[in-house]
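Undergrad: Take a look at this one; I'll ask things after.
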Amino acid sequence: MEQAVEFASWVEVDLDAIAGNVAAVKGLLEPGVRLLAVVKADGYGHGLVPVARVAAARGAEMLGVTHPGDGAALRQAGIAIPVLVFRPLLPGEEDAAVKCGLTLSVGSLPQAERLSAAAGRIGRQAMVHLEIETGMGRTGFTPEALRGALDKLLTLPGLQMEGIYTHFAAASGDPDFTKRQFRLFNSLVEELRERGVRIPLRHVCNSAATLLYPELHLEMVRVGNLLYSRLPAGIKEHDLPEGLRLKDPWSFWTRVVHLQPVRRGDTVGYGRTHRIARDTVLAVLPVGYGDGFGLNVTPRPAGWIDLLKVLAKTAGSFFGLPLGIRHVSINGRTVPILGRVGMELTCVDVGKLPAVSVGTPVRLPGRRTAIKASVPRVYVAGKERHLADQVEINSRNALDNGEIR
Ligand SMILES: *Cc1c(COP(=O)(O)O)cnc(C)c1O
């Protein structure tokens, strides 16, 4: 398996860490509460199929994806547990989705009608979760819209109403709004009950709400971030329940391809934004923004204080202070990136590090969902290394041997 790591740049994914995180999250749930493992965005950058396989093997009852194509890919890989597709289907996507046995979110009457027609054509029930819009401002029936559509909805053949859910817009940041969203959802569910419509699976919690509102776990929670040991925005270490141990499965690596002595006064890279202050040695790394490395994500400031911070950082960078990702790590030591990150090459200063040579591995920081899928993923499971297509075989074997439960 050694050849699996012979890449210039690669992402290493520790599947045992993900397995442990799935078990740890399950440990937060009362018995009987189901876990939907969210594996959208290529398993948050860790790889759709390998992550899904581990989550299913460790007891996740359902998987969640945004796009129906990802659901189809899971089926093609032989993963049989229920898969909920979050986004509305485009007209024409229904047949394939029903054929794959995906569970589909429905948030409008026309969607429901198209799905019902597809179920009829294919001769198979479509599993449906009603999505309720309570404040996310994106998709789903508003409570009024559902009230208006209900009679028609209930007459449509071929739809099995298995679930009903809503999505919180600010689960960690805005408790009042979150409770408001839940009240809207809950009173609608009550109303449905009174009309004799019983939907077995209610779910509202993402990672942040799963941590903060155990009383809202209902029949199922939808957890993404925590499975990858990412803390949701607004959640701090001390918000984590005592005893919840999460392990980071992700590391991003490259290797030194060249060492270049530079002299005081030289400049580095495009735009000549960095001038060398004293003689040193540059290490050139074969990675850049073309791989998704060093991209600064600057969302709209969330308030005045945030705006001041962004302005201060931008001004600081003009005067030479670092902005965004500016360091990498070599042999456990932090070294600065010099100049702009290029499309496929980046320079770091290794003048103070003795034992660096061509081929030395370099650990990179990076926003994991931004790192392109074209960067190879290497999977570590039971101390062995695999490529994605080998993981499949391995975790099947592990399942057969009873190693993964
Ligand atoms: C992404 C997503 C989640 C998971 O959110 P995390 O914060 O990663 O746990 C849950 N539900 C829906 C509908 C989502 O799109």
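The values are calculated or read from the model by the stated rules, or taken from the named source; none is laboratory data. Here the structure is a predicted model, which is why all the values come from computation and not from measurement. Cβ atoms come from the backbone with ideal geometry, glycine included; neighbour counts cover every protein chain shown. The accessibility values were calculated without ligands, DNA or RNA, using every heavy atom of the protein model including side chains. Shrake-Rupley method; radii C 1.70, N 1.55, O 1.52, S 1.80 Å.
Undergrad: Mind checking which residues of the stretch 303-323 are at pLDDT 75 or above, closer than 18 Å to Arg367 by Cβ and assigned to a loop (DSSP other than H, G, I, E, B)?
TA: Correct list: empty.
Undergrad: Quick test for you: out of Arg326, Arg255, pick the one residue that is modelled with pLDDT under 95, more than 30 Å from Val25 (Cβ to Cβ), open to solvent by less than 80 Å² (accessible area, probe 1.4 Å) and charged (D, E, K, R).
TA: Every option except Arg326 fails the conditions.
Undergrad: Please go through the stretch 213-247 and give me each residue that is outside the structural domain of Lys40 (by TED's automatic domain parsing), within 16 Å of the ligand (Cβ to nearest atom) and open to solvent by 70 Å² or more (accessible area, probe 1.4 Å), ordered by number.
TA: If the condition is that a residue be outside the structural domain of Lys40 (by TED's automatic domain parsing), within 16 Å of the ligand (Cβ to nearest atom) and open to solvent by 70 Å² or more (accessible area, probe 1.4 Å), then Ala233, Lys236 are the ones that fit.
Undergrad: Another question, if that's okay. Only residues that are open to solvent by 50 Å² or more (accessible area, probe 1.4 Å) and either closer than 15 Å to Met220 by Cβ or within 16 Å of the chain's Cα centre (by Cα) (or both): list them for the stretch 63-81, please.
TA: Residue satisfying the conditions is His67 alone.
Undergrad: Under 27 Å from Pro376 (Cβ atoms), open to solvent by 30 Å² or more (accessible area, probe 1.4 Å) and within 18 Å of the chain's Cα centre (by Cα) - does that describe any residue in the stretch 204-212?
TA: Taking every residue of the stretch 204-212 in turn, none turns out to be under 27 Å from Pro376 (Cβ atoms), open to solvent by 30 Å² or more (accessible area, probe 1.4 Å) and within 18 Å of the chain's Cα centre (by Cα).
Undergrad: Considering only the stretch 146-173, how many residues are within 12 Å of the ligand (Cβ to nearest atom) and of a type in the set (A, V, I, L, M, F, W, C)?
TA: Here the count works out to 4.
Undergrad: Right, here's the next one. Kindly indicate which of Gly342, Gly359, Gly351 is under 30 Å from Arg263 (Cβ atoms) and in contact with a helix residue (DSSP H, G or I) (Cβ under 7 Å, 6 or more places away or on another chain).
TA: The conditions single out Gly342.
Undergrad: Which residues, taken from the stretch 182-203, are surrounded by 20 or more Cβ atoms within 10 Å (Cβ to Cβ) and either assigned to a loop (DSSP other than H, G, I, E, B) or not assigned by TED's automatic domain parsing to the domain that holds Ala149 (or both)?
TA: Matches in the stretch 182-203: none.
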